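Take a look at the structure below.
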Amino acid sequence: LKDYEDDFDDDEDKSGEEKNAEENLKEIPFSRTSEIEEIRRAITAENDRICTSLSKAIENEKKEPIVERQYASVRNSFCGIFMDFQMANQRQSSRSMANKQKKRSSELLPLIDLDFSVSFSLLDLPPVNEYDMYIRNFGKMNTKQAYVQCNEDNLERDIQTEEVETLEKWTQHPGESALVSGGPIKSQDMSVNGALTPKIDSQRLANFLRSACQVIAVLLEEDQVATQPRSQPTSLSISDSCFQLNTNQPFLHDRKISCLYVSQVQRQTLLSVHGLPEKAGVGLLNRKSIICVWNIWQPSSPQKVLVCDSEVICCCFSPNKTSLVFAGTIDGSLLVWDLREDSRLHPHVMMSEADWTFRVPTFSTDGILNSVNHTSPILAVEPVSTSLYTDQNYGLSSLSYQEEMSAPPFQIASMDENGILNMWVVVELQRVDLAGSQTDLGLIPGGKVKLVHSSTMELNNSLFPKDVRQRMPQTLTIKFLSSNPNHFIVGTNIGLVGHGTRHNLKVLPKLFRPQESGLRSISINAIDFFPFGKPLFLVGCSDGSVRLHQMTSEYPLMQWNDSTNGQPVIALQWALTRPAVFFVLDASSNIYIWDLLENDLLPVAKQTIPSESVVTMALLGEPEKTNGLLGIALAKEYGQIDIQYVKKKWALPRPEESEKLQLILLQS
């Protein structure tokens, strides 16, 4: 459309120019008219040729229509003198380049040609005659390939040396009978006698010798007691007999006992924790705490002596066997001793003409360099039985039960004074590395028992409601329910007992309170679960009160406030042979015996320990036997350990005692 308008504009301009030209011709003389006419024709022809080339350039410059429109009138007005030399130069150079390429192609074309000098055959198939074709098709029918050995390499040579006959004989020196040697008479009898050679299981023999040595040692100890009686006539009215463990050892002098623990599997095995000596010295053991492993059938000396660098607060055995010992220290370390280790892995010291082995920890959580470690003193260490199949696997699903663990799995719970409860899985490795482990820094070289952290729980936040947390309760002791280890109870310093689970499940009741309302500054010093199946537990408090709770009720079934005359209860425990009897120890070294069948208001007996104060106590007994043997282990202040055997009337079980106790509890 724009080009069309430009054409009309050109016509109008041309008509105006023609009018002006006619007027000018009238003014020009006739002599110059013919010359001007010739010049005009030449200019018009040249302009027509130039306009034709410009029309193409205008089409390429459509993107600038405004500029084109501006120069349209100027081009028409000066069309007589405009010439495009640039376009002419480009056409000339293009034509020259095309001529050069055409000339080069014409020169090279005769020189290019295909070379057919090399040739070969792709397939060379010679003809097949009739016989070969027949053999190829039918010559191998009903045939089978076989190999034959002609025995050409079986050569015989004659020799003069005679073959030597040998016989195997046995002998024994010194001889136990007239027969001191024997064996086959002829070489043909060797295979018969050789089949009768006995197979010796060295591991089974070692286990037998270990057990036999322990039995022999106990028998020798009993013979020694029979000739030189250790049991002195007791001055206690509650016991029939007593004896002392021989703590008069050179490495136990001036050490106070802080804790006693009796194994739940082998009731005759006892742990005693001895603190740092009062008089500092420079010897090997003067800066170490000691744990002694006792067998009360061999009271002359401890079976094992365990040492560590930090002060031990609490300890326990594994729930399934007495070969593992666990301890919590004042600096927050959790230690493990494997009593089955070879004594050559541990230091030996000669004392009083006796060679003593002081066993260092097999594993310590000090080697676990992360935030799961305790940063405050560990107040309680408790074993927790568990199953690898019914419970969580705690990251051990990749471990083969047969390859990595040689005993049923269990856990250890450790609680510190800040209310942090850590659960540890005890892993027993089959492969032992005498060079030490590069990953388990807490494992000694040659050790095969380690702890793997399982979970952490902040008891103050998970057990107590907001109003109780404002009092900032401190956790003091913890116990796990034996019939259901997922449940545990925690004693505090405000008279409350918290109730929780290992997996933070909701439980009722969450708190066990005393009969009095309100919170008081009363410490829960001792807790013990009922050992005969029912969900009952005893609580001993610092104000001297004793409470009997059941797991389904917030308030106690029974509470005795004045039984100890206000003296703090430091230990209490159910009798292992009678469901209705329990024992209480207060801070004034008084032992109280409660028999709920005789009296459910006051203790039936009270015994004051003369001379020295009693620090703690633990009960020994075998409930599966009916001999009524019940003992009390009493740890005295200056390191002595007495074993008191309680009188039969409080030790022998009574008929239908559990049913009678149940009726008393229902009436209360």
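The values are calculated or read from the model by the stated rules, or taken from the named source; none is laboratory data. In this text the structure is predicted, and so the values were computed from the model without any measurement. Here Cβ is always computed from backbone atoms with ideal geometry, including for glycine, and neighbour counts include all displayed protein chains. Ligands, DNA and RNA are excluded from the accessible area calculation, which covers all protein heavy atoms including side chains. Shrake-Rupley method; radii C 1.70, N 1.55, O 1.52, S 1.80 Å.
For the stretch 497-507, give me each residue that is under 27 Å from L661 (Cβ atoms) and in a loop (DSSP other than H, G, I, E, B). Outline the logic, then answer.
Looking only at the stretch 497-507, we keep the residues that are under 27 Å from L661 (Cβ atoms), and these are 497-499, 507.
Hit for the stretch 497-507 is V507, nothing else.
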Subject >> Pairs where the first residue, in the stretch 437-461, is within 23 Å of D416 (Cα to Cα) and touching a residue at least 40 places away in the same chain (Cβ under 8 Å) and the second is among the aromatic types (F, W, Y) and open to solvent by 20 Å² or more (accessible area, probe 1.4 Å), C-beta under 6 Å, 6+ apart >> reply: S454/Y394
Original post:
Taking the stretch 330-389 on its own, how many of its residues are on the phi > 0 side of the Ramachandran plot, loosely packed, with under 15 Cβ neighbours inside 10 Å and touching a Pro at 6+ places or on another chain (Cβ under 7 Å)?
Top reply: 1
Original post:
How many residues, within the stretch 609-629, are over 40 Å from the mean Cα position of the chain (by Cα) and at pLDDT 90 or above?
Top reply: 1
**OP:** Restricting attention to strands (runs of 3 or more DSSP E) lying wholly within the stretch 550-594, give those where 2 or more residues are open to solvent by 10 Å² or more (accessible area, probe 1.4 Å) and touching a Leu at 6+ places or on another chain (Cβ under 9 Å).
**Re:** 558-560, 569-574
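Whether any residue in the stretch 510-521 is under 33 Å from the mean Cα position of the chain (by Cα) and either crowded, with 22+ Cβ neighbours inside 10 Å or touching a residue at least 40 places away in the same chain (Cβ under 8 Å) (or both) is what I want to check. Let's see the steps before the verdict.
Narrowing the stretch 510-521 to residues under 33 Å from the mean Cα position of the chain (by Cα): 510-511.
After this cut, where a residue has to be either crowded, with 22+ Cβ neighbours inside 10 Å or touching a residue at least 40 places away in the same chain (Cβ under 8 Å) (or both) as well, the list is 510-511.
Within the stretch 510-521, one or more residues are under 33 Å from the mean Cα position of the chain (by Cα) and either crowded, with 22+ Cβ neighbours inside 10 Å or touching a residue at least 40 places away in the same chain (Cβ under 8 Å) (or both).
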Original post:
Restricting the first residue to the stretch 210-221 and requiring it to be farther than 17 Å from S323 by Cα, which pairs with a second residue that is open to solvent by 90 Å² or more (accessible area, probe 1.4 Å) and not charged (D, E, K, R) meet a Cβ separation below 7 Å and a spacing of at least six or different chains?
Top reply: V218/W297; E221/W297
Original post:
Restricting to the stretch 286-309, what's the tally of residues that are surrounded by 22 or more Cβ atoms within 10 Å (Cβ to Cβ) and farther than 27 Å from V425 by Cα?
Top reply: 1
Original post:
Among the numbered criteria (1) farther than 22 Å from S542 by Cα; (2) in contact with a strand residue (DSSP E or B) (Cβ under 9 Å, 6 or more places away or on another chain); (3) not charged (D, E, K, R), which single criterion is violated by L666?
Top reply: (2)
Subject >> Neighbours by Cβ (under 6 Å, 6+ apart or cross-chain): first from the stretch 336-353, polar (S, T, N, Q); second surrounded by 13 or more Cβ atoms within 10 Å (Cβ to Cβ) and part of a strand (DSSP E or B) >> reply: S343/T357
**OP:** Name every residue in the stretch 462-498 that is without any contact (Cβ under 8 Å) to a residue 60 or more places away in the chain, crowded, with 19+ Cβ neighbours inside 10 Å, touching a Lys or Arg at 6+ places or on another chain (Cβ under 9 Å) and farther than 13 Å from V539 by Cα, in order of residue number.
**Re:** L463, F464
Original post:
Which residue out of F537, F480 is at pLDDT 90 or above and either under 31 Å from the mean Cα position of the chain (by Cα) or of a type in the set (S, T, N, Q) (or both)?
Top reply: F480
Subject >> Of all residues in the stretch 390-426 being among the hydroxyl-bearing types (S, T, Y) and at pLDDT below 90, the one that is most open to solvent (accessible area, probe 1.4 Å) >> reply: T390
Subject >> Meets criteria (open to solvent by less than 40 Å² (accessible area, probe 1.4 Å), of a type in the set (A, V, I, L, M), under 19 Å from M415 (Cβ atoms) and modelled with pLDDT of 90 or more) for V312 >> reply: yes
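Pick out the one residue from S187, S177, S231 that is modelled with pLDDT under 75, surrounded by 10 or more Cβ atoms within 10 Å (Cβ to Cβ) and over 30 Å from M351 (Cα atoms).
On inspection, the qualifying residue turns out to be S187.
Restricting the search to the stretch 508-546, which residues are assigned to a loop (DSSP other than H, G, I, E, B) and among the aliphatic types (A, V, I, L, M)? Explain how you work it out, then say what you get.
Kept after step one, since they are assigned to a loop (DSSP other than H, G, I, E, B), are these residues of the stretch 508-546: 508-510, 513-523, 530-535, 542-545.
Result: L508, L519, I522.
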Original post:
What residue, of L620, L634, L663, L629, is surrounded by 14 or more Cβ atoms within 10 Å (Cβ to Cβ), among the aliphatic types (A, V, I, L, M) and over 26 Å from F251 (Cβ atoms)?
Top reply: L629
